[in-house]
Amino acid sequence: MKKLKALPESSFLKLFFAVVSCAFLVASLFMPDRNQMFAGLWDLMTGTCKISTNYFAQGGFAGTFLNMGLVGLICTGLCCLPGAKPNNVTTLGVLLTIGFGAWGINPLNIIPTILGVFLYCLVKKEKLGAMCNAMLYSTGIAPLISDLLFRYPGVEYVGFNWVGLAVALFIGLIIGFFLPAGLAHAPNIHKGYDHYSAAVPIGMTAFFLRAVLYNVVLGWKLADLGQLSTMAALDVVSWPMTNIFCFVLFGLCIVFALLMGCTFKDYWNLMKDSGHGVSFTTKYGNAPFLMNVGVFGLMIVAYFNLAGAIDGTNVWTGMTFGIVFCMLATCNSGSHPRNVWPIMLGYMVTSFLFGFIFQGEGNFGLTIGNQSILIGLCYANGLSPISGKYGWGYGALAGGLHYLLVTAVPDMHGGFCLYNGGFTAALICLMFVPQLEKFCKTKEQRLEARKGAKQ
C-alpha cells in the first residue's frame, strides 16, 4: 500500500481509471440479463440517444454496464497516449464519460469527435497525449453524432447508411478540430466557479449546429425538433443492482484509502478546502483523494435514495445511475461533501417551495425525485466553489437558481449536448459571480474582518 500511496499522480490516476472501468465489466457478468449483454450493447450503439435516454431500457442492465466499462477502457487508453499526464481535469473527463455510458455515450458515437482532435494534433504538430483531455470532453456532443448517423436528415430512424456515416464523420471531425481552442478559453468565462468548463464550448457548439443543421438546412422550427426524441421508457429501474454496485465500489475506495494511510485529519484538511482552482491529488495526495471518491460517492447515492423516498418513486434509471459518476467526476477538482451539501439543500428547498406554489403544475412543480431535476443537480454540483468560497448560504442560492433554469436550457441545443446542466451552471456564474464579487465578501475576507474588529 505504501507503493500505491507513493505512485506519481498520473500513474495513480491511470490505475484508478482502469480499476473503475473493470469494475463495470465484472458487474455486467452478474446482471440478470447477462446472456443478452452483447445484443444490448449493439442496441445502444445503433440507437439514437438524445438526452435523456435510459440505457437500462434500451440495452438492458448487462449491456449498459458492459458499455460503461468499455467506454471507461477507451478513456483509459487515451490517458496512456504518449505525452499524456492525467490530472484533476482528466479525472473529471473520464468519470463524466463513463457516467454518460448509461444514458448517451457508446464506443461508436465518440469516435468522430476524437478523430477530430487527432486531426488537430496532426495539423498543429502537437503530441496526442497533450490533447487527451480535449478528446475526452469532445464526447459530450455524442448524441448529435448518433442522430446524424442513423436519422438525419429525416425524423424516422433509418439505421446505417453512407450519407449518415459521411455527415456524422465530417461534423465530428469539425467539432473535434476546433474544440481545443474553445476549451482553453472556457475557464475565463466563469472564473473557476464552474467545474464543468467544457460545457461552455460544447453547449455553444450544439446550439450552433442545431440551428444550422435543423433550422436552416431543413427549415425545422423548434417545435419540430420534439419529434426527434426517442427517449426510452423510464419505467425500467433497479434499486438493488445499482445500489449494491455503488456501495461496494465506494466502500472499497474508503477501505483502500485507509489502508494507504489516510487519516481523519488528512480528509478533514481536504474538506476544509474551498474547492476553487484546486487539484486534490496534487495538493493532498492519492489517499485523501481516494477517500473523497468513496465518501462523496456514498453521499450522492444516499441523496438520490432519499429523493426517491421523499418523492415516493424509484429514481434508479440508467440516467440516475450514470449521473452518480457524472456528479462524482468533480471529486478531484474541488467538490467534497462539505461544499456540495449546500447545493443539494438549495435544490431541495427550491423544489418544495415551487412545488407548493404551483401545486405540481408545470416545470416548477417538478419534485426532487424527477429525473430532469436529479440530472440538473448533478451539474449544479459544479458550482460548489461558490459555497466553498463565499459560504453555504450562497451555495444554496446558486443551487436554487440552477433548479430554475436547468429544464429550459435543452431548448437551446435540442437535447444534443450531454453537458446541459454544466452549461446551465456557466450561465449561473455569468449572472451570479459578478454580483458576489461586487457586493459580498468571501469567507476569508469575513474572517479577516472579524479578527481586525477584535484587535
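Please go through segment 247-274 and pick out each residue that is more than 23 Å from TYR193 (Cβ to Cβ), surrounded by fewer than 18 Cβ atoms within 10 Å (Cβ to Cβ) and either without any contact (Cβ under 8 Å) to a residue 24 or more places away in the chain or not acidic (Asp, Glu) (or both).
Those that are more than 23 Å from TYR193 (Cβ to Cβ), surrounded by fewer than 18 Cβ atoms within 10 Å (Cβ to Cβ) and either without any contact (Cβ under 8 Å) to a residue 24 or more places away in the chain or not acidic (Asp, Glu) (or both): PHE247, VAL248, GLY251, LEU252, VAL255, LEU258, LEU259, GLY261, THR263, PHE264, LYS265, TRP268.
Looking at (1) closer than 18 Å to TYR196 by Cβ; (2) assigned to a loop (DSSP other than H, G, I, E, B); (3) open to solvent by less than 10 Å² (accessible area, probe 1.4 Å), which is the only condition ILE51 fails?
All conditions pass for ILE51, except number (3).
Taking the condition of being open to solvent by 30 Å² or more (accessible area, probe 1.4 Å), in a loop (DSSP other than H, G, I, E, B) and of a type outside the set (S, T, N, Q), how many residues in segment 391-447 meet it?
Summing the residues that are open to solvent by 30 Å² or more (accessible area, probe 1.4 Å), in a loop (DSSP other than H, G, I, E, B) and of a type outside the set (S, T, N, Q) in segment 391-447 gives 3.
For every residue, the table says whether it meets (1) closer than 19 Å to GLY69 by Cβ; (2) assigned to a helix (DSSP H, G or I); (3) out of contact with any Gly (no Cβ under 7 Å at 6 or more places or on another chain).
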{"position": "VAL293", "(1), (2), (3)": "yes, yes, yes"}
{"position": "PHE296", "(1), (2), (3)": "no, yes, yes"}
{"position": "TYR303", "(1), (2), (3)": "no, yes, yes"}
{"position": "GLY308", "(1), (2), (3)": "no, yes, no"}
{"position": "VAL315", "(1), (2), (3)": "no, no, no"}
{"position": "GLY322", "(1), (2), (3)": "yes, yes, no"}
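May I ask you to say which residue of ALA57, ALA23 is touching a residue at least 12 places away in the same chain (Cβ under 8 Å), within 30 Å of THR407 (Cα to Cα), out of contact with any His (no Cβ under 9 Å at 6 or more places or on another chain) and open to solvent by 10 Å² or more (accessible area, probe 1.4 Å)?
Residue meeting the stated conditions: ALA57.
Looking at LEU7, LEU29, LEU92, LEU41, which one is aliphatic (A, V, I, L, M) and within 20 Å of the chain's Cα centre (by Cα)?
LEU92
Answer yes or no: is there a residue in segment 114-127 that is touching a helix residue (DSSP H, G or I) at 6+ places or on another chain (Cβ under 8 Å), within 19 Å of GLY322 (Cβ to Cβ), of a type in the set (Val, Ile, Thr) and open to solvent by less than 10 Å² (accessible area, probe 1.4 Å). Talk me through it step by step, then tell me what you get.
The first filter runs over segment 114-127 and keeps only residues touching a helix residue (DSSP H, G or I) at 6+ places or on another chain (Cβ under 8 Å), leaving 114-121, 123, 126-127.
Among the residues that remain, those that are also within 19 Å of GLY322 (Cβ to Cβ) are: none.
Within segment 114-127 (the criterion being touching a helix residue (DSSP H, G or I) at 6+ places or on another chain (Cβ under 8 Å), within 19 Å of GLY322 (Cβ to Cβ), of a type in the set (Val, Ile, Thr) and open to solvent by less than 10 Å² (accessible area, probe 1.4 Å)), the answer is no, since none of the residues qualifies.
Out of the residues in segment 349-370 meeting the condition of being assigned to a helix (DSSP H, G or I) and either closer than 17 Å to LEU427 by Cβ or open to solvent by less than 30 Å² (accessible area, probe 1.4 Å) (or both), tell me which one is modelled with the highest pLDDT. Step through it out loud before you land on a result.
Here is the first cut: in segment 349-370, the residues assigned to a helix (DSSP H, G or I) are 349-358, 363-365.
Within this subset, residues satisfying the condition of being either closer than 17 Å to LEU427 by Cβ or open to solvent by less than 30 Å² (accessible area, probe 1.4 Å) (or both) are 350-351, 355, 363, 365.
Numbers: THR350: 87, SER351: 81, GLY355: 73, ASN363: 52, GLY365: 51.
Here the residue is THR350.
Residues in segment 141-171 that are among the aromatic types (Phe, Trp, Tyr) and either out of contact with any Gly (no Cβ under 8 Å at 6 or more places or on another chain) or open to solvent by 50 Å² or more (accessible area, probe 1.4 Å) (or both): how many?
Keep residues of segment 141-171 that are among the aromatic types (Phe, Trp, Tyr), which gives 150, 152, 157, 160, 162, 170.
The next check asks that each one be either out of contact with any Gly (no Cβ under 8 Å at 6 or more places or on another chain) or open to solvent by 50 Å² or more (accessible area, probe 1.4 Å) (or both); those that pass are 157, 160, 162, 170.
Number of matching residues: 4.
Out of GLY77, GLY93, GLY104, GLY69, which single residue is surrounded by 24 or more Cβ atoms within 10 Å (Cβ to Cβ) and either free of Cβ contacts under 8 Å to residues at least 12 places away in the same chain or assigned to a helix (DSSP H, G or I) (or both)?
Answer to the selection: GLY93.
Working only within segment 11-34, note down all residues that are modelled with pLDDT of 95 or more and either more than 18 Å from ILE74 (Cβ to Cβ) or assigned to a loop (DSSP other than H, G, I, E, B) (or both).
Once the filter is applied, which keeps residues that are modelled with pLDDT of 95 or more and either more than 18 Å from ILE74 (Cβ to Cβ) or assigned to a loop (DSSP other than H, G, I, E, B) (or both), segment 11-34 yields SER11, PHE12, LEU29.
May I ask you to say which residue of GLY334, GLY277 is of a type outside the set (D, E, K, R), open to solvent by 10 Å² or more (accessible area, probe 1.4 Å) and not in a helix (DSSP H, G or I)?
Among GLY334, GLY277, only GLY277 is of a type outside the set (D, E, K, R), open to solvent by 10 Å² or more (accessible area, probe 1.4 Å) and not in a helix (DSSP H, G or I).
Would you pick out the residues in segment 280-292 that are farther than 19 Å from PRO385 by Cβ and buried (at least 23 other Cβ atoms within 10 Å of the Cβ)?
ASN286, ALA287, LEU290, MET291
Residues being without any contact (Cβ under 8 Å) to a residue 40 or more places away in the chain and of a type in the set (Val, Ile, Thr): count how many of those fall in segment 27-54.
Total meeting the criteria: 0.
The values are calculated or read from the model by the stated rules, or taken from the named source; none is laboratory data. Computed from a predicted structure; not experimentally measured. Quick reminder, even Gly has a Cβ in these numbers, built from the backbone with ideal geometry, and neighbours come from all protein chains shown. Please note that ligands, DNA and RNA were not included when accessible areas were found on the heavy atoms of the full protein model with its side chains. Shrake-Rupley method; radii C 1.70, N 1.55, O 1.52, S 1.80 Å.
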